[in-house]
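Student: A single structure is presented below for examination.
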Amino acid sequence: MFLKIVLKSLQDRKGSVLLTLMAMTISIFVILGVEHIRQQTKKSFESTLSDTDLVIGSRSGSLNLLLYSVFRIGSPTNNINWNSFKTISRNSKVEWAIPLSLGDSHKGFPVLGTNSAYFKHFRYGQKKTLEFKAGKSFEQIFDVVIGSEIAKQLKYNIGDKIILSHGIQKQSLQQHDEYPFQIVGILKTTGTPVDRTVHIRLEGMEIIHVGWQNGVQVFKNNMPKEQFLNSGVEPKSITAILVGLKSKLATFSFQRTINNFSDEPLLAILPGVALSELWQIMSLLEKSLLLVASLVFVSACFGVSAVLLNSIRERKEEIRLLRIIGASPPFIFALIDSSG
Amino acid sequence: MFLKKLMAINLSDISFYYKKNHSQILKIPKWKLASKSTIFIQGSSGTGKTTFLNILCGLISPQKGKVELFGTQINRLNAAQRDSFRANNIGYVFQQFNLIPYLSAVENIILASHFSKNQNNLKKKNALDLLSKLDVDRKDWHLEARNLSVGQQQRVAIARALINKPKLLITDEPTSALDLKNRENFMNLLMDVVNENHITLVCVGHDPTLAKFFNVVEEFSNINKLVNEK
């Protein structure tokens with residue numbers, strides 16, 4: 001009997017019931033959504049880089065270095081001399097070192113110059129290695145490996161030729177069009193900035209910049225590219241180094257060594273520490289999001305209360321009637337409660 | 001003991017006031033009504049008639065005094081006991097809003113029997129019997145109550161009030177929403193079922209033309225002594 005009345009009563013006030021339901025649903029959806037986004041962001045944030053003990057760059061701020069080298073956000077830091085890389089990678093405490101050279105782009109996606117150590121040692125998430133969806137790692141100087149999102153957005157396939165642009169602006173006017181690159185590999189989706197990165201060899205990076213000084217093309221390099229292929233080009237400078245150490249215990253002492261590097265001013269950061277620092281900055285945003293979501297929820301609650309109060313006022317006669325025929329207050333409360 | 005049993009209503013020393021402003025509404029030193037009598041209580045509005053009826057059916061309790069119905073002192077019962085006493089012993093017909101608008105006539109009647117102890121499988125049959133006895137058109141039985149005419153609604157209201165075979169029927173200006181012709185019909189019908197079922201009927205109202213249907217007529221000012229003091 002009770003259920004029957006509740007259903008009939010709900011049917012009777014379809015409109016307001018539906019609106020209330022929608023308001024509640026949306027507000028709960030917003031709360032859950034914000035919470036979900038927050039956790040996902042944090043997770044993907046923390047999984048950007050894994051198993052790397054130190055990130056080394058030229059001396060700037062630790063956040064700047066992290067943002068630029070790992071997230072490809074912000075302005076480029078100064079470069080590191082190639083010789084410093086050689087010194088560091090030969091250090092007995094170092095197990096592996098990945099050189100990173102940034103600064104160019106392709107249709108808004110950052111170009112990263114690196115070497116084969118990148119595909120071997122780079123880890124993200126739970127110490128996952130990069131895997132190829134198609135093709136293989138770069139071998140030739142003008143080979144390129146692209147992240148999954150680039151392939152998807154620009155509809156690239158293995159064998160396509162692409163031209164890189166100078167600088168990191170999306171609408172760069174200066175093209176490295178003398179030397180087109182060929183796509184030889186497409187990486188699997190990682191959920192990290194790697195998906196949006198164009199990977200080329202350091203040597204390729206160096207060659208396309210022959211004739212460039214301080215970001216301006218001084219003369220046109222007309223050397224045929226075949227000439228470079230076996231000429232043993234060596235890069236002069238890179239942007240940052242990811243370092244894995246043989247023993248985690250050595251991390252701090254090696255960090256100190258780098259920070260006191262005598263050849264040039266360098267900065268070594270612990271990516272975990274810098275990441276959590278960065279997350280703390282983000283937490284303000286996170287908190288305001290949560291606040292907005294709770295406000296939405298509170299306002300929806302008020303809305304529902306208002307609707308309930310209104311319905312009680314509207315149904316005063318009904319309630320009086322139910323009382324007269326012997327319905328107990330709990331019965332009426334339950335009725336109003338469940339049929340809103 | 002014997003006398004008490006004959007009394008349908010026995011009030012003594014009742015006083016009721018609203019807590020908010022301490023304004024007293026009712027003061028009834030003594031009032032009795034014999035069982036199976038039909039009484040028309042006449043009085044103008046704002047004299048506490050509705051409060052009086054609410055006390056009679058146990059919806060509210062007076063701050064002071066004794067409310068006895070058929071030998072049971074209902075203001076001594078707890079809330080749940082009062083609710084069930086009301087469901088089993090008292091039928092009520094208002095001026096309007098007697099039915100839950102989104103339920104059909106039959107459902108309204110069955111709902112009323114839902115709260116009484118006479119739970120049986122004949123609920124629906126009893127409801128239909130009552131409706132046909134009260135001349136409610138068969139085609140209206142399953143219509144939503146809000147779609148019935150006022151006259152029909154009042155008849156369904158009587159059916160609803162009678163489904164639990166109450167000993168006491170309280171009506172609060174039951175005819176004021178009806179036109180003259182419907183009023184006569186309604187009152188005749190009401191008196192018929194009341195006499196047939198040996199029900200005590202208390203009717204309040206301000207329409208003196210109703211007086212002829214009742215065997216007792218009383219001024220409310222004779223019951224509530226506060227009316228004259230004011």
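Student: Can you check how the C-alpha radius of gyration of the stretch A:232-340 compares to 2.2 N^0.38 Å, as a plain ratio? Intermediate results must be reported in sequence, preceding the final value.
Tutor: Numbers: Rg = 32.9 Å, N = 109, 2.2 N^0.38 = 13.1 Å.
The stretch A:232-340 yields a ratio of 2.51.
Student: Ok, one more. With bins 10 Å wide starting at 0, give me the P(r) of chain B over every alpha carbon pair, in whole percents.
Tutor: In whole percents, the pair-distance histogram is 8, 32, 36, 20, 4, 0.
Student: Still on this structure, please answer the following. Report the per residue volume, in Å³, of the convex hull enclosing the C-alpha atoms of the stretch A:111-209.
Tutor: 92
Student: Taking beta carbons within 10 Å but only from partner chains, what does the mean come to for residues B:94-103?
Tutor: Partner-chain Cβ atoms within 10 Å, mean over residues of B:94-103: 5.
Student: Now for a different question. I need B:LYS225, A:LYS136, B:LYS212 ordered by Cβ neighbour count within 10 Å, fewest first.
Tutor: The fewest-first ordering by Cβ neighbours comes to B:LYS212, A:LYS136, B:LYS225.
Student: Restricting to the protein assembly as shown, what percent of DSSP beta bridges are antiparallel, rounded to 5?
Tutor: 65
Student: For the residues B:ARG86, B:ARG138, what sequence is obtained by ranking on other C-beta atoms within 10 Å, fewest first?
Tutor: Neighbour counts put them in this order, fewest first: B:ARG138, B:ARG86.
Student: Here's a follow-up. Of A:ASP12, A:ASP263, A:ASP143, which has the largest mean-square fluctuation in a 10 Å C-alpha GNM of chain A?
Tutor: Residue with maximal mean-square fluctuation among A:ASP12, A:ASP263, A:ASP143: A:ASP12.
Student: Calculate I(q)/I(0) for the stretch B:1-109 by the Debye formula, one identical point scatterer on each C-alpha and no solvent, and give its log10 at q = 0.13, 0.18, 0.19, 0.23 Å⁻¹ to two decimals.
Tutor: Log-scaled intensity ratios, in q order: -0.57, -1.03, -1.12, -1.41.
Student: What number do you get for the stretch A:29-125 when its Cα radius of gyration is normalised by 2.2 N^0.38 Å, N = residues?
Tutor: 1.29
Student: Only Cα pairs within less than 10 Å get springs; with that Gaussian network setup on chain B, which residue of B:ASN78, B:ASN195, B:ASN185 has the largest fluctuation?
Tutor: Answer for the Gaussian network model of chain B: B:ASN78.
Student: Using only the alpha carbons of chain A, what is the convex hull's orientation-averaged projected area in square nanometres?
Tutor: Values: hull surface 99.1 nm².
It is 24.8 nm².
Student: Along the three principal axes, how long is the stretch B:74-176 when you take its alpha carbons, biggest first, rounded to the nearest angstrom?
Tutor: 43, 35, 23
Student: Right, something else. Any of A:LYS133/A:LYS155; A:LYS43/A:LYS188; A:LYS8/B:LYS49; B:LYS32/B:LYS64; A:LYS133/A:LYS236; A:LYS128/A:LYS188 with alpha carbons more than 22 Å apart? Name them for me.
Tutor: A:LYS8/B:LYS49; A:LYS133/A:LYS236, as the Cα separations exceed 22 Å there.
Student: When 1/r is averaged over all different Cα pairs and the result inverted, which Kirkwood radius in Å belongs to the stretch B:153-227?
Tutor: Radius from the Kirkwood sum: 13.2 Å.
Student: Determine Rg/Rh for the protein assembly as shown; Rg is computed over alpha-carbon atoms and Rh is the Kirkwood hydrodynamic estimate from the same atoms. Mind dumping the intermediate values first?
Tutor: Details: Rg = 44.2 Å, Rh = 31.6 Å.
My calculation puts Rg/Rh at 1.40.
Student: Whole angstrom only: what separates the Cα centroid of the stretch A:316-340 from the Cα centroid of the stretch B:131-151?
Tutor: 23
Student: Report the local net charge at A:GLY244: Lys and Arg +1, Asp and Glu -1, summed over other residues whose C-beta lies under 9 Å from its C-beta.
Tutor: So the environment of A:GLY244 carries a net charge of -1.
Student: In what sequence do B:MET187, B:MET7 fall when counting other Cβ within 10 Å, fewest first?
Tutor: B:MET7, B:MET187
Student: Ok, one more. Quantify how strongly other chains surround peptide B:156-162 by giving the mean number of their Cβ atoms within 10 Å of each of its Cβ atoms.
Tutor: Working: counts 0, 1, 0, 0, 3, 2, 0.
Other-chain Cβ atoms within 10 Å of each residue's Cβ, averaged: 1.
Bear in mind these aren't lab numbers, they're just calculated from the coordinates by the rules spelled out. The shown structure was predicted, so the numbers you read here are calculated from the model rather than taken from an experiment. Don't worry about glycine lacking a Cβ; one is built from the backbone with ideal geometry, like all the others, and counts go over all protein chains shown.
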